[in-house]
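Okay, structure first, notes after.
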Amino acid sequence: MTFLNDGGGGSALRAALPVGPDLPCHRDPELFFAESPHDVEQAKALCRGCRARIACLTGALGRAEPWGVWGGELLMHGAIVPFKRPRGRPRKADVAA
């Protein structure tokens, strides 16, 4: 996702951050905050070719965004995590004994 307001008054970041309706996050913003692991992976894939990917991720990490897909990475509690776990407890067969 790309927002102009970085919360810290960093005009250099705002000037470098591309914006526009052609960015994937502007077409379907809800997808970038999805609950489904499949949807999260879809959002990450949309970011791969985005011209704002690096600036978006840098800004999100700087703001410690609490969650969502930013710059092609999933953030949880302000840190990058590799994937989103499905809701509920893992199946017993999936847990290493």
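When you look at Val81, is it loosely packed, with under 14 Cβ neighbours inside 10 Å, at pLDDT 75 or above and among the β-branched types (Val, Ile, Thr), yes or no?
Yes: the conditions hold for Val81.
Enumerate the pairs (first residue in segment 51-70 and closer than 18 Å to Glu41 by Cα; second residue anywhere and buried (at least 16 other Cβ atoms within 10 Å of the Cβ) and of a type in the set (Asp, Glu)) with beta-carbon separation below 6 Å, excluding pairs fewer than 6 apart on the same chain, so at least 6 apart or on different chains.
Pairs that qualify, where the first residue is closer than 18 Å to Glu41 by Cα and the partner is buried (at least 16 other Cβ atoms within 10 Å of the Cβ) and of a type in the set (Asp, Glu), are Leu57/Glu73.
How many residues are closer than 19 Å to Arg87 by Cβ and more than 10 Å from the chain's Cα centre (by Cα) when one looks only at segment 42-65? Steps first, please.
Quick first cut of segment 42-65, residues closer than 19 Å to Arg87 by Cβ only: 42-44.
Filter again for more than 10 Å from the chain's Cα centre (by Cα), leaving 42.
Residues that pass the stated criteria total 1.
Select from segment 19-30 the residues that are within 24 Å of Pro86 (Cβ to Cβ) and crowded, with 17+ Cβ neighbours inside 10 Å and write down the one among them that is farthest from the chain's Cα centre (by Cα).
The selected residue is Pro24.
Could you say which residue among Leu75, Leu61, Leu57 is surrounded by fewer than 19 Cβ atoms within 10 Å (Cβ to Cβ), under 22 Å from Val19 (Cβ atoms) and not charged (D, E, K, R)?
From the options Leu75, Leu61, Leu57, the qualifying one is Leu61.
From the list Ala16, Ala43, Ala12, which residue is modelled with pLDDT under 75 and surrounded by 11 or more Cβ atoms within 10 Å (Cβ to Cβ)?
Ala16
Which condition number in (1) surrounded by 12 or more Cβ atoms within 10 Å (Cβ to Cβ); (2) modelled with pLDDT of 90 or more is the one that His38 fails?
Looking at each condition in turn, His38 falls short on (1).
The values are calculated or read from the model by the stated rules, or taken from the named source; none is laboratory data. Just so it is clear, the structure is predicted and the values come from calculations on it, not from any experiment. Note that each Cβ is placed from the backbone with ideal geometry, even for glycine, and that neighbours are counted across all protein chains shown.
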